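Here's the structure we're looking at; comments come further down.
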Amino acid sequence: MASSLCFLPFLLFVVSSLVSSSSSSSSSSSTATDVLHGGEEAEAVGHDLHREYLRDEAASRLNELGKVSDVNGYLERTFLSPASVRAANVIRQWMEDAGLRTWVDIMGNVHGRVDGINASAPALLMGSHLDTVVDAGKFDGALGIISAISALKVLKVTEKLEKLKHPVEVIAFSDEEGVRFQSTFLGSAAIAGILPAATLNISDKSGRTLQEVLNDNTVGATEDNFIKLKYQPESVWGYVEVHIEQGPVLESAGIPLGVVKGIAGQTRLKVTVSGSQGHAGTVPMSMRRDPMAAAAELIVLLESICKHPQEFLSYDDDCSSVESLFGSLVCTVGEISLWPSASNVIPGQVTFTIDLRAMDDVGREAVLYELSARMYNICDRRSVSCVIERKHDANAVNCDSELSLQLQSAALTAFRKMAGNVDVDVPKLMSGAGHDAMAMAHLTKMGMLFVRCRGGISHSPAEHVLDDDIWAAGLAVLAFLENHV
Ligand SMILES: *[C@@H]1O[C@H](CO)[C@@H](O)[C@H](O)[C@H]1NC(C)=O
Ligand SMILES: *[C@@H]1O[C@H](CO)[C@@H](O)[C@H](O)[C@H]1NC(C)=O
Ligand SMILES: [Zn+2]
């Protein structure tokens, strides 16, 4: 039973659909293809490198911000926590130091803006998030904020800031990770205008609503003011975000920066398998309806489909989505629980989650259809009952092709300033992780630059970006501002 990628039957398996909208050192590990060879050589080659701001100051600010935490011993900075408020103040000072006019909105987003020659021209927005996960690294989010501020500081120092043709606004978003309210992109989604006012009523683990938390921090956190956070599309020219890759592709290519093609779409499922609970010693194997063994088979099926979708799906030759699906499909069972969970009891019920992502939305639906049909077959054969609930959906978002070309040439300018007249293909990557850019794409055209990180590791204190790569990111943002804004 195979489904076509280009023609999809209605998804009958969807039992309930709770759709939430959106959703150092200077030595680089030189490989044969590494375009950068460390600080000393780079200085000998290039001009206008602004090492002092784009590398040294940016790296020290990343360290400083990485210490602003709600707990001792590791980094945790969730939405509007005391450490988040301290971090916002620090970022605001850095923005002012770069010549920007600053304010904090009722959602806790920190803004820094320079008008350039025409204050009413559509503005370039740049930024990333200031919140973190629990036991986070110091580059996720912070790098995008700091590289934008550093590049603007160079424009200030070189007296080009007031000559920008478009206003430029850096925004440090208050929430992207969604740790506190289990709802991602609170900061950027409010500015993009895709956060429903009802969100003010969601509550955190302590039972406090978003509105109450906002009221603690600012005056005027009313529903009216919340709705007014939305930027008018005609007032905005585009959005650019620098972010660590959080994956291993750039490191294996030996290249510090890459341009993002798009952000994968995502579906989260909850699967509940119910069988017959019983005594581990007395029920013969032939008479069991064991939901744990069934869940194991379902999980292995998921892995097989996602590893080799071409063996499970049929498609028309002229269907263009096939390749992007096969290159980008990733599936994960990250959470599993069972009842009653005792070593001498055949479980009565097993529940697990599925996180499924792909660059192609139609392809993702095809995989979901095929997956659920095969899962129900397995459940029938094993005489267990299965319920598959669809908990979350977000469509894939493509980056703007013109902005991406401009960022690509800005990255190449950065490489050449640092390493001479190198000829490199700037890698083009898909993002499997969500970013603020995903929300901002609802407001304006969007482009992203990824920065190489060690081992592809993120959401961990082991997260690391070389000082020289921070420098390359700053130079690329600077080149983009100088040439296109
Ligand atoms: C400034 O930008 C606005 C909005 O794009 C435009 O209407 C106006 O003509 C511009 N002013 C100048 C002096 O270029
Ligand atoms: C939040 O909940 C209150 C009380 O249930 C309700 O009156 C109000 O309309 C809700 N606000 C929004 C924006 O949905
Ligand atoms: Zn991030």
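The values are calculated or read from the model by the stated rules, or taken from the named source; none is laboratory data. In this text, all values refer to a predicted model and were calculated from it rather than measured experimentally. Neighbour counts are summed over all protein chains in view; Cβ atoms, including those assigned to glycine, are modelled from backbone coordinates with ideal geometry.
Out of all the residues in the range 23-42, which are loosely packed, with under 13 Cβ neighbours inside 10 Å and either outside any loop (DSSP other than H, G, I, E, B) or modelled with pLDDT of 50 or more (or both)?
Glu40
So, in the range 216-249, how many residues would count as being away from ligand 3 (no atom under 16 Å from the Cβ), among the small types (Gly, Ala, Ser) and under 24 Å from the mean Cα position of the chain (by Cα)?
1
Can you tell me which condition Ala148 does not meet? The list is (1) more than 16 Å from ligand 3 (Cβ to nearest atom); (2) over 17 Å from the mean Cα position of the chain (by Cα), and all the others hold.
Among (1) more than 16 Å from ligand 3 (Cβ to nearest atom); (2) over 17 Å from the mean Cα position of the chain (by Cα), Ala148 violates only (1).
Residues of the range 108-120 being in contact with a helix residue (DSSP H, G or I) (Cβ under 9 Å, 6 or more places away or on another chain), outside any strand (DSSP E or B) and not polar (S, T, N, Q), which ones?
Gly108, Asp115, Gly116, Ile117, listed by residue number.
When you check Ala197 against the structure, is it touching a Leu at 6+ places or on another chain (Cβ under 6 Å), in the same structural domain as Gly127 (by TED's automatic domain parsing) and within 14 Å of ligand 2 (Cβ to nearest atom), yes or no?
Here the answer is no, as Ala197 does not meet what is asked.
Those residues that are within 16 Å of ligand 1 (Cβ to nearest atom) and within 20 Å of Glu482 (Cβ to Cβ), I need them from the range 120-147; list them, please.
If the condition is that a residue be within 16 Å of ligand 1 (Cβ to nearest atom) and within 20 Å of Glu482 (Cβ to Cβ), then Ala121, Pro122, Ala123, Leu124, Leu125 are the ones that fit.
Every residue, every condition in (1) hydrophobic (A, V, I, L, M, F, W, C); (2) assigned to a loop (DSSP other than H, G, I, E, B); (3) not assigned by TED's automatic domain parsing to the domain that holds Gln182, yes or no:
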site	(1), (2), (3)
Arg86	no, no, no
Gln93	no, no, no
Ile106	yes, yes, no
Leu125	yes, no, no
Asp131	no, yes, no
Gly137	no, yes, no
Asp140	no, yes, no
Leu143	yes, no, no
Glu169	no, no, no
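Could you run through the range 176-198 and say how many residues are farther than 16 Å from Val104 by Cα and either within 16 Å of ligand 1 (Cβ to nearest atom) or β-branched (Val, Ile, Thr) (or both)?
Number satisfying all stated conditions: 3.
Count, please, the residues in the range 169-209 that happen to be in contact with a Gly (Cβ under 6 Å, 6 or more places away or on another chain) and either surrounded by fewer than 21 Cβ atoms within 10 Å (Cβ to Cβ) or over 30 Å from Ile117 (Cβ atoms) (or both).
Matching residues across the range 169-209 total 3.
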